[in-house]
Amino acid sequence: MTNGSGQARGSAGSATPGQAVQGHPQRSGAQPASDIGRLLLRCPDSHGIIASVSAFLADAGANIISLDQHSTAPEDGTFVQRAIFHLPGLPAAIDELQQRFGATVAERFAMDYRFAEAAKPKRVAIMASKADHCLLDLLWRNRRGELEMTVAMVISNHPDLAEQVRPFGVPFFHIPATREIRAEAEQRQLQLLCGNVDLVVLARYMQIISGEFIDALACPLINIHHSFLPAFIGAAPYQRARERGVKLIGATAHYVTEVLDEGPIIEQDVVRVDHTHSVNDLVRLGADVERAVLSRAVQWHCQDRVIRVDNQTVVL
């Protein structure tokens, strides 16, 4: 809404950071994808919002295809809406459309809002460490056309996954990062990321992200972690969970904020376990649910379905 020395290891293909190196899914339907737009908005709830938004789009020559909205309370709530519309010549008109909407509708209702073109997939960078399950799952789903995004690059603080990333044709950058050299590593990462991506996904990137990095990046970050927090923090959480006799294990995907692991939650899921499951079983099942939860959260963000309301999200 309007809201460390590093080594670069290039993979197969000639793409450079920021270029689209993966195709976006084929879309079917009578309307050309290039003329499909999305409007996301958030504002204090009041009388006439839906009518005003619909009238604006109609006056602009747009046909509303889908309209979803929600208010957090019957009175004095926060109103959120996601509209999908068809407008001939949208790519050429979208900037002027956004400016006119701001002047005629958004200012009146104190809206935060954003227009997007459905045909423009989000440019995504994936950051990882040594665990490969979330990273490779995102790359595989994207190659199959299941995620509406292009993967601009993979950044890792370890070189271990370079050869596994190579077959996907995505540039891999190894930038060592530890607590002692965090500031230097983040500066090198920002040189690659800033202005080149619309989203950063932390696919089990096992380093703390500083508030300065978040502010300088100026685009959303999505993180994934197991749902044992805060009961089992630190090392060996699955071992400790097994010793405690947990009956559910799960995963949480959330936006990254300065407060560690407390950003707005996008998606969660769980799987049941029992006394017959070993620690290795728990780790395997945990990896499965992490993959599924992260891919859903990334897809929903890339489809402009997620609207933040305070420290929560509404997924429309």
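The values are calculated or read from the model by the stated rules, or taken from the named source; none is laboratory data. For clarity, every value in this text was computed on a predicted model and none was experimentally measured. In this analysis, Cβ positions are derived from the backbone assuming ideal geometry, glycine residues included, and neighbour counts consider all displayed protein chains. Each accessible area value is taken on the protein alone, full model and side chains, heavy atoms only, with ligands, DNA and RNA left out. Shrake-Rupley method; radii C 1.70, N 1.55, O 1.52, S 1.80 Å.
Kindly list the number of the only condition in (1) surrounded by fewer than 16 Cβ atoms within 10 Å (Cβ to Cβ); (2) more than 26 Å from the chain's Cα centre (by Cα); (3) more than 22 Å from I36 (Cβ to Cβ); (4) of a type in the set (V, I, T) that fails for T72.
With (1) surrounded by fewer than 16 Cβ atoms within 10 Å (Cβ to Cβ); (2) more than 26 Å from the chain's Cα centre (by Cα); (3) more than 22 Å from I36 (Cβ to Cβ); (4) of a type in the set (V, I, T) applied to T72, the lone miss is (2).
With a cut-off of at least 3 residues that are open to solvent by less than 40 Å² (accessible area, probe 1.4 Å) and more than 22 Å from D132 (Cα to Cα), name the strands (runs of 3 or more DSSP E) lying wholly within segment 239-316.
306-309
If the requirement is being closer than 24 Å to R305 by Cβ, more than 23 Å from the chain's Cα centre (by Cα) and surrounded by 16 or more Cβ atoms within 10 Å (Cβ to Cβ), which of these qualifies: A83, A93?
A93
I'd like the full set of residues that are open to solvent by 20 Å² or more (accessible area, probe 1.4 Å), within 22 Å of L217 (Cβ to Cβ) and of a type in the set (A, V, I, L, M), limited to segment 132-149.
Listed by number, the list is empty, since nothing qualifies.
Starting from segment 35-51, take each residue that is crowded, with 19+ Cβ neighbours inside 10 Å and list its partners that are of a type in the set (S, T, Y), counting only C-beta distances under 9 angstrom and pairs at least six apart or across chains.
Final answer for the pair search is L39/Y113; L40/Y113; L41/Y113; R42/T78; R42/Y113.
Taking the options R188, R204, name whichever one is assigned to a helix (DSSP H, G or I) and under 19 Å from A152 (Cα atoms).
Being assigned to a helix (DSSP H, G or I) and under 19 Å from A152 (Cα atoms) holds for just one of R188, R204, which is R188.
Can we say G263 is touching a Phe, Trp or Tyr at 6+ places or on another chain (Cβ under 7 Å) and not β-branched (V, I, T)?
Yes; evaluated as a whole, the condition is true for this residue.
So which residues in segment 207-221 are in contact with a Phe, Trp or Tyr (Cβ under 7 Å, 6 or more places away or on another chain) and in a loop (DSSP other than H, G, I, E, B)?
Selection gives P220 alone.
Which residue, of A203, A162, A241, A236, is more than 26 Å from S278 (Cβ to Cβ) and small (G, A, S)?
Criteria check complete, one pass: A162.
Looking at the structure I just gave you, is A231 assigned to a helix (DSSP H, G or I) and either among the aliphatic types (A, V, I, L, M) or open to solvent by 20 Å² or more (accessible area, probe 1.4 Å) (or both)?
no
Do we find that A177 is surrounded by 15 or more Cβ atoms within 10 Å (Cβ to Cβ), aliphatic (A, V, I, L, M) and either in contact with a Ser or Thr (Cβ under 6 Å, 6 or more places away or on another chain) or not in a strand (DSSP E or B) (or both) in this structure?
yes
If I224 meets every condition in (1) in a helix (DSSP H, G or I); (2) surrounded by 15 or more Cβ atoms within 10 Å (Cβ to Cβ); (3) not polar (S, T, N, Q) apart from one, which number is that one?
Among (1) in a helix (DSSP H, G or I); (2) surrounded by 15 or more Cβ atoms within 10 Å (Cβ to Cβ); (3) not polar (S, T, N, Q), I224 violates only (1).
Only one of F168, F172 is under 16 Å from I126 (Cβ atoms), aromatic (F, W, Y) and open to solvent by less than 20 Å² (accessible area, probe 1.4 Å). Can you tell me which?
Just one listed residue meets the conditions, F172.
Return the only residue of Q98, Q81 being of a type in the set (S, T, N, Q), over 19 Å from V315 (Cα atoms) and in contact with a strand residue (DSSP E or B) (Cβ under 7 Å, 6 or more places away or on another chain).
Going through Q98, Q81 in turn, just one is of a type in the set (S, T, N, Q), over 19 Å from V315 (Cα atoms) and in contact with a strand residue (DSSP E or B) (Cβ under 7 Å, 6 or more places away or on another chain): Q98.
Restricting to segment 209-221, name every residue that is more than 25 Å from V315 (Cβ to Cβ) and open to solvent by less than 20 Å² (accessible area, probe 1.4 Å).
Result: G211, F213.
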